[in-house]
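The values are calculated or read from the model by the stated rules, or taken from the named source; none is laboratory data. If you're wondering where the values come from, they're calculated on a predicted model, not measured in any experiment. A quick note on method: Cβ atoms are made from the backbone with ideal geometry, for glycine too, and the neighbour counts reach across all protein chains shown.
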Amino acid sequence: MSGIRPTGFLHLGNYFGALRNYVRMQEEYECYFMVADLHSLTTHPDTKELKDNVHRVLSENIACGLDPDKVALFCQSHVYETSELYLYLNMLAYKGELEKTVTFKDKVRQHPDNVNAGLLTYPVLQAADILLHRALLVPVGKDQEQHLEMARNFANRFNHRYGDIFPEPQAFNYGSELIKVPSLDGGGKMSKSENQNATLYLSDDDDLIHKKIMKTKTDAGPTAPNSPKPDYIENIFLLMKLVSSEEVIKNFEQAYNDCTIRYGDMKKQLAEDMVSFIAPIRAKAEAIRADKTYLKEVMEKGAEKARQSARATMGKVREAMGLNYY
Ligand code: TRP
């Protein structure tokens with residue numbers, strides 16, 4: 001089980017950090033992938049763009065290889081049981097621990113004028129998403145580890161008080177596959193909120209991809225054979241490793257080591273390979289996004305699968321809690 005917030009556009013970092021794992025998991029596990037539209041209300045109360053954003057995220061996920069016939073691909077708000085479990089779990093979550101959550105403190109700093117109770121209990125809602133399907137594995141990045149830890153705590157508290165219903169969810173990654181997708185400006189990893197020119201989006205057109213890549217920082221080249229690479233050059237190689245052939249990478253490695261490398265050529269090659277990678281995903285996502293009938297079917301089918309699992313869990317939960325009066 002995992003969730004994707006419908007804020008912003010998916011980028012290369014999302015693809016290699018998350019989506020690719022989802023696509024692999026769908027072959028091996030029973031999967032629930034959800035668009036976290038309720039979570040987005042904690043920071044984006046204006047819903048004017050929500051529908052477009054939900055459609056976009058769904059389309060991009062499917063374009064990247066998620067198969068709505070293999071997984072439950074659904075919207076959080078379509079599964080009302082989520083809100084019910086969220087309410088029960090709220091009684092087991094302490095104000096003190098919620099206030100100490102790193103993401104809460106970050107968001108208070110970013111939106112000091114909108115510190116609402118939903119923001120404070122964001123990790124409780126996330127725990128509800130996960131526990132609703134009694135999920136074992138949650139493919140998420142490092143930034144979500146604290147939320148998962150809290151989900152385990154809420155699950156254990158529930159189990160101790162009312163009876164064993166929830167297994168402990170664990171963060172999941174395909175071991176060695178934690179690859180870094182560097183930002184194009186050399187500063188850290190690619191992310192959706194920071195510099196837009198340093199991020200390659202799955203919706204970028206060919207021209208924009210070329211422009212962004214050609215603008216990345218280089219220098220006059222190595223002056224001695226087999227020199228260590230500066231960070232910003234290493235980053236270009238890292239990006240190449242994601243989308244270029246081994247042959248191409250080997251040639252540029254060799255050229256770097258014997259000081260004949262021309263960074264202009266290298267960036268041109270990277271831009272071409274990046275376009276070959278992104279363009280088909282972009283085209284597929286656009287076609288899906290234009291097909292509202294198909295998107296409706298996907299959402300209905302996904303919600304039905306998710307509700308089935310949610311109903312089964314909530315039956316057990318109400319029973320365990322003693323909320324069965326006849
Ligand atoms: N909080 C997650 C994020 O910001 C999104 C999310 C919502 C999620 N519900 C979830 C992730 C359930 C995993 C499981 O990325």
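The single residue among D164, D219 that is in a loop (DSSP other than H, G, I, E, B), at pLDDT 95 or above and in the same structural domain as Y29 (by TED's automatic domain parsing) turns out to be D164. Check whether at least one residue in segment 6-22 is of a type in the set (D, E, K, R) and either touching a Leu at 6+ places or on another chain (Cβ under 9 Å) or at pLDDT 95 or above (or both), and report yes or no. No, segment 6-22 contains no residue that is of a type in the set (D, E, K, R) and either touching a Leu at 6+ places or on another chain (Cβ under 9 Å) or at pLDDT 95 or above (or both). For segment 74-97, the candidate set comprises residues that are touching a Phe, Trp or Tyr at 6+ places or on another chain (Cβ under 8 Å) and within 14 Å of the ligand (Cβ to nearest atom); within that set, the residue that is farthest from P45 (Cα to Cα) is L89. Taking residues in segment 104-121 that are within 12 Å of T43 (Cβ to Cβ) and among the β-branched types (V, I, T), and partners anywhere that are at pLDDT 95 or above and assigned to a helix (DSSP H, G or I), the pairs with Cβ atoms closer than 7 Å and at least 6 places apart or on different chains are V115/V108.
Scanning segment 23-41 for residues that are more than 16 Å from P169 (Cβ to Cβ) and either in contact with a strand residue (DSSP E or B) (Cβ under 8 Å, 6 or more places away or on another chain) or β-branched (V, I, T) (or both) yields V23, V35, D37, H39. I179 meets all of the listed conditions (1) without any contact (Cβ under 8 Å) to a residue 12 or more places away in the chain; (2) in a loop (DSSP other than H, G, I, E, B) but one, namely (1). Just give me the residues in segment 1-19 being within 16 Å of I281 (Cβ to Cβ) and either surrounded by fewer than 18 Cβ atoms within 10 Å (Cβ to Cβ) or touching a residue at least 60 places away in the same chain (Cβ under 8 Å) (or both), in sequence order. Residues satisfying the conditions are F9, L10, H11, L12, G13, N14, Y15, F16, G17, A18. Give me the residue from segment 132-154 that is near the ligand (Cβ under 10 Å from one of its atoms), among the aliphatic types (A, V, I, L, M) and part of a helix (DSSP H, G or I) and, out of that set, surrounded by the most Cβ atoms within 10 Å (Cβ to Cβ). Across segment 132-154, the extreme among qualifying residues is A151.
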